[in-house]
1. Taking the criterion of being in a strand (DSSP E or B) and either under 18 Å from LEU159 (Cα atoms) or free of Cβ contacts under 8 Å to residues at least 24 places away in the same chain (or both), would at least one residue in segment 48-71 satisfy it?
2. Condition first: near the ligand (Cβ under 9 Å from one of its atoms) and open to solvent by less than 10 Å² (accessible area, probe 1.4 Å). Now tell me which residues in segment 1-14 satisfy that.
3. With TYR489, TYR472, TYR452, TYR417 as the choices, which residue is assigned to a helix (DSSP H, G or I) and either over 18 Å from ALA357 (Cβ atoms) or among the polar types (S, T, N, Q) (or both)?
4. If you check ALA167, ALA153, which single one turns out to be out of contact with any Leu (no Cβ under 6 Å at 6 or more places or on another chain), on the phi < 0 side of the Ramachandran plot and more than 16 Å from the ligand (Cβ to nearest atom)?
5. Residue check: is ASP482 of a type in the set (Asp, Glu) and in a helix (DSSP H, G or I)?
6. For segment 224-259, name all the residues that are touching a Leu at 6+ places or on another chain (Cβ under 6 Å) and hydroxyl-bearing (Ser, Thr, Tyr).
7. For the condition among the hydroxyl-bearing types (Ser, Thr, Tyr), open to solvent by less than 40 Å² (accessible area, probe 1.4 Å) and over 21 Å from the mean Cα position of the chain (by Cα), what is the one hit in SER146, SER236?
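The values are calculated or read from the model by the stated rules, or taken from the named source; none is laboratory data. Keep in mind that this is a model prediction, so the values were computed, not measured. Cβ atoms come from the backbone with ideal geometry, glycine included; neighbour counts cover every protein chain shown. When the accessible area is computed, the model is the full protein with side chains, heavy atoms only, and any ligands, DNA or RNA have been set aside. Shrake-Rupley method; radii C 1.70, N 1.55, O 1.52, S 1.80 Å.
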Amino acid sequence: MSTESADIGLIGLAVMGQNLALNIADHGYTIAVYNRHAEKMRDFISQSKKNEPSSARLLGFETLEELTRSLKRPRKIILLVKAGEATDKTIESLLPHLEPGDIVIDGGNAHWLDTIRREKDLNAKGLRFIGSGVSGGETGARFGPSLMPGGSAEAWAELAPIWNAVAAKVDAQTGSPLSGAAPGSPVAGGVPCTAHIGPDGAGHYVKMVHNGIEYIDMQLICEAYWLMKNLLGLGSDAIGKVFQDWNQGELSSYLIEITGDILQQPDTAGDGFLVDKVLDTAGQKGTGLWTASSALELGVPANAIAEAVFARSLSALKEERVEASKLLQGPETKRVEDAAALIAAIRDALYCSKICAYAQGFQLMAEAQKIYGWNLDFGTLAQIWRGGCIIRARFLQKITDAYAIDPGLKNLMLDPYFRDALHRGQSHWRDVVALGVRNGIPTPAFSSALAYFDGYRSARLPANLLQAQRDYFGAHTYERTDRPRGQFYHLDWPAEGRPQLQA
Ligand code: 2AM
């Protein structure tokens, strides 16, 4: 094998690694691949030789030394190994084979603080590091993912041609995803769903928030489904058709589309529909939890995103719920007669809640960038998510538009388009939440999004009492509505007389 012939290397040939490697090869780049257990690499290369026209550009190596020797300088090596310790171990074993200027690109779901640490460590050794979010599952990786790279601008400049080539593409004007004529055929033209997100951990942070939004997007869809099933008694296929119909309008998105498919999928192992046989417990891999915990740490009210994580936790208590269902009683669920009206109302509830969910995700990123010194371009972020990734949706173009109109937008709900949508939909939204409450059907995402909307639009909240309570038992002090901000008072509760101004 000639040395320095490969454009890029990739370590970690699980599903994502294999698909991204093929995508890169499809775009004319020679890619050197390696896996800890070499058998996986050999299987991948031999399978690709049979099925993939671009397999001549895939070079398999059994050692990291051979892999690194095969790469053009400065070397670019993508890691797609398990996030966490495996990433550190892999970097450690790579180090002896790298030279100053080489670039390690972590495409896993790393925690952004790990990415910040790794970049610092590698920079100290003269190496460069990019932490890149990769979204879109295996199909995305294969035919065009959404890519969210964070790192130095000059490291990004080296990676950009490849990342731009392999990323999903959207139409420059409409933001609509463009897809290849045939699997593996590169899409000409269009705006790539990637851009330099910012320094160090910015890419992985943004990818994490993407996943947090994905959690709430999915939970909202599940609640819509559950309301239709319980209040209308519709079968899964009928509900699937509703989602298919919604996918033609402003809710059009990948998740709505696959929900239509999923609900109409017959059970190939029995009667009826598969979804009715799938056990109702959902797992989580951590990025949703990280998003919620980052929101808690930063004091950002991302309650709907957190609620989506809790909904999964509650679902996981299957045995406990089965027991509780025999002991704890709720109201009788009453069927709703006017199916068309309820479906329209649920659609509005879903859209309004979705606006809140995205408002929370973007508020979170706006706060995080202050802490970490990033300068995120929110309009571009929304555009990067228009194609390739799991939350891709027509709706995202509206977010790009909103930030184009007002780059300093404080909250997405304040944008005229979204404001109008909330005003139009809120009456239905409230009806749907009330129906859920009255019938004992849990709608944590719809409800928490509505509470967020109502809280955010309230000039006054009962936190006056809260702060007074804090002052009562902990002398935490309070400000007064009739005195300037920044003046703090304390009262020796209960007391008579004039309040004391605290220095
Ligand atoms: P493996 O096939 O040899 O297990 C997803 O798990 C990917 O991460 C796989 O390619 C896996 O390699 C790799 N991986 C997991 N733990 C690893 C480790 N400690 N060192 C190197 N690669 C690892």
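1. Scanning segment 48-71, I find at least one residue that is in a strand (DSSP E or B) and either under 18 Å from LEU159 (Cα atoms) or free of Cβ contacts under 8 Å to residues at least 24 places away in the same chain (or both), so the answer is yes.
2. Residues satisfying the conditions are ILE11, GLY12, LEU13.
3. TYR472
4. On inspection, the qualifying residue turns out to be ALA153.
5. Spelling it out, it is not the case that ASP482 is of a type in the set (Asp, Glu) and in a helix (DSSP H, G or I).
6. SER236
7. Checking each option against the conditions leaves just SER236.
Residue by residue, here is whether (1) at pLDDT 95 or above; (2) more than 13 Å from the ligand (Cβ to nearest atom); (3) in contact with a Leu (Cβ under 9 Å, 6 or more places away or on another chain) holds:
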residue: ARG69; (1), (2), (3): yes, yes, no
residue: LEU79; (1), (2), (3): yes, no, yes
residue: ILE91; (1), (2), (3): yes, no, yes
residue: LEU94; (1), (2), (3): yes, no, yes
residue: VAL104; (1), (2), (3): yes, yes, yes
residue: GLY107; (1), (2), (3): yes, no, yes
residue: TRP112; (1), (2), (3): yes, yes, no
residue: GLU119; (1), (2), (3): yes, yes, no
